1. Please say if the chain is rounded, prolate or oblate, where rounded means a/c under 1.5 for a ≥ b ≥ c the square roots of the C-alpha gyration tensor eigenvalues, and otherwise the choice is prolate for a/b larger than b/c and oblate otherwise?
2. If I stretch the segment between ASN58 and ARG111 completely, what's the gain in nm (0.36 nm per residue apart, minus their alpha carbon distance), one decimal?
3. How large is the charge dipole for segment 156-242, taken about the Cα centre, if only the Cβ atoms of Lys, Arg (+1) and Asp, Glu (-1) carry charge, to the nearest 20 debye?
4. Rounded, prolate or oblate: which fits segment 58-101 when a ≥ b ≥ c are the square roots of the eigenvalues of the alpha-carbon gyration tensor, with rounded for a/c under 1.5 and prolate only if a/b beats b/c?
5. Go through segment 146-203 and name the GluC sites (Glu not before Pro) that are in a DSSP coil and have 16 or fewer other Cβ atoms within 10 Å of their Cβ.
6. Ignoring ligands, DNA and RNA, how do ASP160, ASP203 rank by accessible area with a 1.4 Å probe, largest first?
7. If you take the square roots of the eigenvalues of the alpha-carbon gyration tensor of segment 61-190 and sort them as a ≥ b ≥ c, do you get rounded (a/c under 1.5), prolate (a/b over b/c) or oblate?
8. Once ligands and nucleic acids are excluded and a 1.4 Å probe is used, how much of ARG111 is accessible, expressed in Å² to the nearest 10?
Amino acid sequence: MGRAFEYRKARKLKRWGNMSRTFTKIGKEITMAVKAGGPDPDSNSRLRVLIQNAKAANMPKENVERAIKKATSKDEANYKEVVYEGYAPYGIAIVVETATDNTTRTVANVRSYFNKAGGSLGTTGSLDFLFEHKCVFKIKEKEGVSLDDLELELIDFGVDEMDADEGEVIIYGPFEEFNNIQKYLEENGYEITSAEFERIPNDTKEVTPEQREHIEKLIERFEDDEDVQNVFHNMKEEDGEE
């Protein structure tokens, strides 16, 4: 299996355990998608895949409907997506994706978490070279279509890694090709079960158990912040987690 698949698998095991945190994250994404493209999933492609993500996470249908309804309210906050980059102790790079209605509060919190852990907040774009920004689709396997055949079909969209996992196919493509890949899959009858964005480290760094504990506490602080949507890092996973 490929590097991206192994990284993502280890990360998912840790992050998707907290159900309520996951529902909050998807709910915010739905709100932003509705405000940007309207409440009708038939005409809003981003909303369509977010509804599938909600199903994959076992998010109750009423939660999804509530998030869509809230987004159409004039009183609902407008969330802004902001990415923060910095270094944890021991040279570990961290990228924090947020959705916030108050950037002053969010940047102050993010800087505080870095500083208290002995790390530092960097400038936007300073860590781009350390990560590949990918879109990740999960689709149901289609009878009569092999992985090789599908990869050939998607090669024009920059898809460079695919894996099969328990009856589903995981597709990794460039971040900027998300809409084109989604359109192709839908038009050709593939059932999309989820679609997300990931930042895959180009290389990972070894740490000692003590260093790992220190860094994981910092990551937990970020993930406990309700403005934070995703946290990516280049710390090597523990043996047995990949």
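The values are calculated or read from the model by the stated rules, or taken from the named source; none is laboratory data. Source: prediction; values computed, not measured. Reconstructed Cβ throughout: ideal geometry from the backbone, glycine too, with neighbour counts over all protein chains shown. Side chains are part of the model used for accessible areas, which takes the heavy atoms of the whole protein and leaves out ligands, DNA and RNA. Shrake-Rupley method; radii C 1.70, N 1.55, O 1.52, S 1.80 Å.
1. Verdict is oblate for the chain.
2. Numbers: separation 53, 0.36 × 53 = 19.08 nm, distance 3.33 nm.
The ASN58-ARG111 span can extend by a further 15.7 nm.
3. Working: 7 positive and 30 negative charges, 64 e Å.
Approximately 300 debye in magnitude.
4. Numbers: a/c = 6.48, a/b = 2.15, b/c = 3.02.
Oblate shape, in that a/c is at least 1.5 and b/c is the bigger or equal ratio.
5. Numbers: sites: GLU151, GLU153, GLU161, GLU166, GLU168, GLU176, GLU177, GLU186, GLU187, GLU191, GLU196, GLU198; in loops: GLU166, GLU191.
Passing sites in segment 146-203 are GLU166, GLU191.
6. Values: ASP160 85, ASP203 115 Å².
Sorted descending by solvent-accessible area, the residues read ASP203, ASP160.
7. Working: a/c = 2.74, a/b = 1.47, b/c = 1.87.
Taking the square roots of the gyration eigenvalues as a ≥ b ≥ c, segment 61-190 is oblate.
8. 110
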